[in-house]
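Written below as structure tokens is the structure these notes are about.
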Amino acid sequence: MGEDQKVGFTKTQVGKIILNLAEITLNILGKEDYIMSILDEAKKQLEVAYEYADIDPESWERLQHPQKTLSVTIPMRHDDGTLKMYKAYRCQYDNTLGPFKGGIRYHPHVDRGHCEALALWMTFKCACLKIPFGGAKGGICVDATKLSHRELERLSKAYIASMIDFIGPDIDIPAPDLYTDERIMGWMYSEYKRITGGHPKDIITGKPVALGGIEGRSSATGYGGYYCLENILQNNMTQLNVPSNREDIRIAIQGFGKVGYWFAEKCFRNGLKVVAISNEFGGVYNENGLNVTACRKQLDEKQKWGEGDSITNEELLGLDVDILVPAAVENVLTKETADKVKAKMVLELANGPTTNEGDAILNNNGVIVIPDILANAGGVVVSYFEWLQNRTAMTRSLDQVDEDLKKMMNYAANRVMNLHVKHEISPRTAAYVLALKRINDANVCLGSKGYFQRG
């Protein structure tokens, strides 16, 4: 399937899928606990890794605080003439390794803590993959599914205008995230270009190809997750407790949006059995495997899932499968749900889908968790390729992008799993140790207490 082919569902449907899955999480945790826990969860993950990494205390202290978090209020006039104020944010967490880099999400539960947590994860995702970027994240507190096309354009351009003094190709490079896409990135690029003049294509990644975007960006996160999984299966099969015959490996995917779909499509085309998928309408399970292409075509609000038994999102988490893939929102595998997981492996394609309590339960139950900062890094990898393409004016073909994505995911997966085996620590801890060491090495080179004492 070509990169420019349609996934088969509308932007509105994707947005509703995301919002519905978020509401499922909120019903379990409560809105306040959900929002406030994200940053705490992110920092606790660092604390575990700190015990295994030889990190300069000053470097560690720097990582406890974001460098800058911007909070703005955007006035936007709706099509009916009414004026509404929208809260918007941009957290620039750390730029030790390079310019800030991170997506912009539109979601009703976006707030300061949410963006800071996601920016922290982005910092370590880039470090883990050895990408010369720091971490950032931004967003607007809005239900984008309720905005018209023109309202969405006005709001997107207003966001860039409000952040104009704080972003730039060598400062902070935004990208798409939840319910933002290449169309919105194109509007944002257009507004930045209008205000600053020139043709600064390297200011934003995830743009339409016609505006300097790169082939393969839409599928990058899902494909990157697949390459990560394939590497781990090929090199660590004996310790994973999954069937040795790849055709017998059963996969369940929660979230069939732009990440989950492309991952499922890649698995399906390469002989891995996807037995369950879910979205806002619930899910479908077929022990003999689903036809992912057919499921894509059925993804319409007026149609029901075919090919199997209807299941809920919660039931999907507890299916007797080999690999569980949370590919939607944060805080899905909690102390309430993690103990129900029967899968041998969890591949985190969503950001922060597992709480620390959930992670401990999974580890105690012998479930291998491949962390988000590794598994879902494909998007930022290809964003890096786009940034390079824009700066050098040398385009990459879809085949080149795919080949280079696979190489970088393989490199990172090998490093993480080697640390996991060598030190007998979880893959999550191993990924954070790897990232911490890279950030620490750079900080020490920039100067530390010991550095200055050497005189």
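The values are calculated or read from the model by the stated rules, or taken from the named source; none is laboratory data. Since this is a predicted model, take the numbers as computed values, not measurements. Here the Cβ positions follow ideal geometry from the backbone for every residue, glycine too, while neighbour counts run over all protein chains shown.
Some values worked out for this structure:
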item	result
Single residue of region 163-186 satisfying the filter (more than 19 Å from Gln67 (Cβ to Cβ) and not charged (D, E, K, R)) that is modelled with the lowest pLDDT	Leu178
Residue within region 121-133 that is more than 16 Å from the chain's Cα centre (by Cα) and of a type outside the set (Gly, Ala, Ser) present	yes
Condition met for Asp339 (of a type outside the set (Phe, Trp, Tyr) and in contact (Cβ under 8 Å) with a residue 60 or more places away in the chain)	no
Residues located in region 60-76, provided they are surrounded by 12 or more Cβ atoms within 10 Å (Cβ to Cβ) and more than 25 Å from the chain's Cα centre (by Cα)	Ile74, Met76
Checking Val142 against (1) touching a Ser or Thr at 6+ places or on another chain (Cβ under 7 Å); (2) farther than 18 Å from Asn376 by Cα; (3) of a type in the set (A, V, I, L, M, F, W, C), the condition it does not meet	(1)
Selection count, region 155-174, where residues are within 10 Å of Met188 (Cα to Cα) and touching a residue at least 60 places away in the same chain (Cβ under 8 Å)	4
Residue within region 180-192 that is within 30 Å of Pro427 (Cβ to Cβ) and surrounded by 24 or more Cβ atoms within 10 Å (Cβ to Cβ) present	yes
Qualifying residue in region 308-326 (condition: within 30 Å of Lys207 (Cβ to Cβ) and either touching a residue at least 24 places away in the same chain (Cβ under 8 Å) or in the same structural domain as Gln239 (by TED's automatic domain parsing) (or both))	yes
Whichever residue in region 259-280 is over 22 Å from Asp320 (Cβ atoms) and in contact with a Lys or Arg (Cβ under 8 Å, 6 or more places away or on another chain) and, among such residues, is modelled with the lowest pLDDT	Glu280
Verdict on Gly271 being surrounded by fewer than 16 Cβ atoms within 10 Å (Cβ to Cβ) and assigned to a loop (DSSP other than H, G, I, E, B)	yes
Residues that are in contact (Cβ under 8 Å) with a residue 40 or more places away in the chain and surrounded by fewer than 12 Cβ atoms within 10 Å (Cβ to Cβ), drawn from region 78-93	Asp79
One residue from Lys207, Lys137, Lys125 being surrounded by 24 or more Cβ atoms within 10 Å (Cβ to Cβ) and assigned to a loop (DSSP other than H, G, I, E, B)	Lys207
Breaking point among (1) more than 19 Å from the chain's Cα centre (by Cα); (2) more than 26 Å from Asp339 (Cβ to Cβ); (3) surrounded by fewer than 21 Cβ atoms within 10 Å (Cβ to Cβ), for Gly212	(3)
